[in-house]
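The values are calculated or read from the model by the stated rules, or taken from the named source; none is laboratory data. A quick note: this is a predicted structure, and the numbers were derived from the prediction, not measured. No Cβ is skipped: glycine too gets one built from the backbone with ideal geometry, and neighbour counts run over all protein chains shown.
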Amino acid sequence: MITISRLYDDYPTATRAVAELERAGVPSSDISIVANNAEGWYDSDRPGMTRRVDRDLDGVDDRAEGARTGAGIGAALGGIAGLLAGIGMVALPGLGPVVAAGWLVSTLTVAVGGGAVGGIIGALTQAGVSDEDAHAYAEGIRRGGTLVTARVPDAERIRFESILDNSAVDMRDRMNTWEQGGWSRFDPAARPLTAEEIRRERETYRASS
C-alpha cells in the first residue's frame, strides 16, 4: 500500500473526491479527510445536540439541503456516510480546530499527544507523506483547505491519483504564491488564521485562476 494525498480549496470539493475514490473501489477505512474549521461550519461537542455541517454558512445543515435538492454539498456529504460516521474535531498547533475523519485521525491524535512537530506534520510523515509535502499540505489546511489522504495499492497508484487530481489544488503553483509572500515552511507556532483571513485567501486564489 502507498499513501496519496491531495489538497482542495473547500470541503464540498474534497468530499466529492472521496466519493469518487469510494466508487473506484477504495474502502472508506482507507480514506481520511482533514478540513479547516475556522469558519465554524461544523458544530459538535454539546451533549445531546445533533452535529451540524454548514459549509456554506447559511444556517442550515448541508445534509438537509442535499436531501431536499438531491445535489450539491448535501449530496456529496451523503455519498461518504461511512467516513462521516467517525467525523469529529481536534485542535492542532498552528491550525486551530480542524474537522477530521478516517484512519489518519488516530495517527494525528498520537502525534499531537506525543508532541510531534506540528501534530499534522508528524502524522503525515508517519503515514508516508514526504516532509516537503507534509509542510505544504499543513499550510494549505491552515489557509482554509481540506486534505484528502488515501491508502491505495502500489500498482493502482496512478489510477487513484488521477481521480484525486480532478479539482485538486496545484500545489507547486500554490506554494510559489505563498513563497512570494515570504512563506517557507509550516510553522506550528503560528497563529491560526481567522475566518475573515481565510476568506481573503480564497479571493486571492480565485483572482489568480
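Out of the range 126-152, which residues are at pLDDT 90 or above and in a helix (DSSP H, G or I)?
131, 132, 133, 134, 135, 136, 137, 138, 139, 140, 141, 142
Scan the range 192-209 for residues that are assigned to a loop (DSSP other than H, G, I, E, B) and free of Cβ contacts under 8 Å to residues at least 24 places away in the same chain and jot them down.
Result: 209, single match.
Taking the range 10-43, which residues are more than 9 Å from the chain's Cα centre (by Cα) and of a type in the set (D, E, K, R)?
Result: 16, 20, 22, 23, 30, 39, 43.
Out of the residues in the range 1-26 that are outside any strand (DSSP E or B) and charged (D, E, K, R), which is surrounded by the fewest Cβ atoms within 10 Å (Cβ to Cβ)?
Residues of the range 1-26 outside any strand (DSSP E or B): 1, 9-26.
Pick out the ones that are also charged (D, E, K, R) and you get 9-10, 16, 20, 22-23.
Details: 9: 21, 10: 18, 16: 20, 20: 16, 22: 18, 23: 10.
Top of the filtered list is 23.
Take the conditions among the small types (Gly, Ala, Ser) and surrounded by 15 or more Cβ atoms within 10 Å (Cβ to Cβ) and apply them to residue 144. Does it pass? Before you say what the answer is, go through the steps one by one.
Details: among the small types (Gly, Ala, Ser): yes; surrounded by 15 or more Cβ atoms within 10 Å (Cβ to Cβ): yes.
Criteria met by residue 144.
What are the pairs with Cβ atoms under 8 angstrom where one residue, in the range 121-133, is over 16 Å from residue 102 (Cα atoms) and the other, located anywhere, is small (Gly, Ala, Ser) and surrounded by fewer than 22 Cβ atoms within 10 Å (Cβ to Cβ)? Sequence gap at least six, or different chains.
122/114; 122/116
Of everything in the range 159-196 that's of a type in the set (Asp, Glu) and exposed (fewer than 15 other Cβ atoms within 10 Å of the Cβ), which residue is farthest from residue 95 (Cα to Cα)? Lay out the reasoning, then the answer.
To start, the set of residues in the range 159-196 that are of a type in the set (Asp, Glu) comprises 161, 165, 170, 173, 179, 187, 196.
Filter once more, so that each one left must be exposed (fewer than 15 other Cβ atoms within 10 Å of the Cβ): 165, 170, 173, 179, 196.
Details: 165: 24, 170: 21, 173: 22, 179: 19, 196: 15 Å.
Only one residue tops the list, namely 165.
Just for the range 80-125: of the residues that are modelled with pLDDT of 80 or more, aliphatic (A, V, I, L, M) and part of a helix (DSSP H, G or I), which one is surrounded by the most Cβ atoms within 10 Å (Cβ to Cβ)? Walk me through it before giving the result.
Filtering the range 80-125 down to residues modelled with pLDDT of 80 or more leaves 88-105, 120-125.
Narrowing the set further to residues that are aliphatic (A, V, I, L, M) leaves 89-92, 95, 98-101, 104-105, 120-121, 123-124.
Still in the running and part of a helix (DSSP H, G or I): 104-105, 120-121, 123-124.
Details: 104: 27, 105: 18, 120: 31, 121: 23, 123: 27, 124: 28.
Restricting to residues being modelled with pLDDT of 80 or more, aliphatic (A, V, I, L, M) and part of a helix (DSSP H, G or I), the top hit is 120.
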